[in-house]
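Structure, as structure tokens:
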Amino acid sequence: MVTRVKRMALVETPESAPRYELRVRGHRPGDTEYEIWQMPSAATPQITSATRIAGLRGRNLELVEHRVLKRLGSAGIKLGPSRRRERHGYALTEDLALTLGLLFRVLAPMRSRGNMRAVAEGIEAMGREEAAYWLGMAMHRRHPRRVLTALRCLLTEPRTRRRDEQ
């Protein structure tokens, strides 16, 4: 029995859609930085130059890098080894940019590995509209840290007191 393999053509985003880019920069061996940028397009006339959405580097990136690479791989983006001081740019779809931007913004100040895992799983489970809502709130509110703290509280388990502490 012969199986047919159908190849789907790459879907081009229309000119009226917002454009996003993932910029990858290697600082040292094992120290890579990922940044999400929104590029000027016809859909966003208020943006005249590239605007940084979010970025992640160091220990926090190492903890979720496998998740990020998996998402990028499913979108057809294969990251090669990054050389020192060399930057690479990759075009992203809007859905992927929203999810990764939100993930990077929320995880950047966090320290607890368990909470970081819970937040990453919660963001991966979000739909497009929910991720866009939270990222928009984090970017355009007067106090974005409060928005990000609220999201972290919603996505992590509350601590329960031990009986000894009561």
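Only the coordinates and a few stated rules stand behind these numbers; no lab work does. Source: prediction; values computed, not measured. Cβ atoms come from the backbone with ideal geometry, glycine included; neighbour counts cover every protein chain shown.
Structure notes:
- Total formal charge among the other residues, if their Cβ is under 12 angstrom from that of E130, Lys/Arg +1 and Asp/Glu -1: -2
- FRET efficiency for the pair E121 and E65, taken as 1/(1 + (r/R0)^6) with r the Cβ-Cβ distance and R0 = 22 Å, rounds to 0.90.
- For the range 47-117, the set of GluC sites (Glu not before Pro) satisfying both a DSSP loop assignment and a count of at most 10 other C-beta atoms within 10 Å is given as E86.
- Selection of trypsin sites (Lys or Arg not before Pro), the range 88-135, meeting DSSP coil and at most 10 other Cβ within 10 Å: R111
- Cleavage-rule hits (trypsin sites (Lys or Arg not before Pro)) in the range 26-82: DSSP loop, at most 13 neighbouring Cβ within 10 angstrom: K78
- Overall Cα dimensions of the range 19-155 - principal axes, largest extent first, Å: 40, 37, 26
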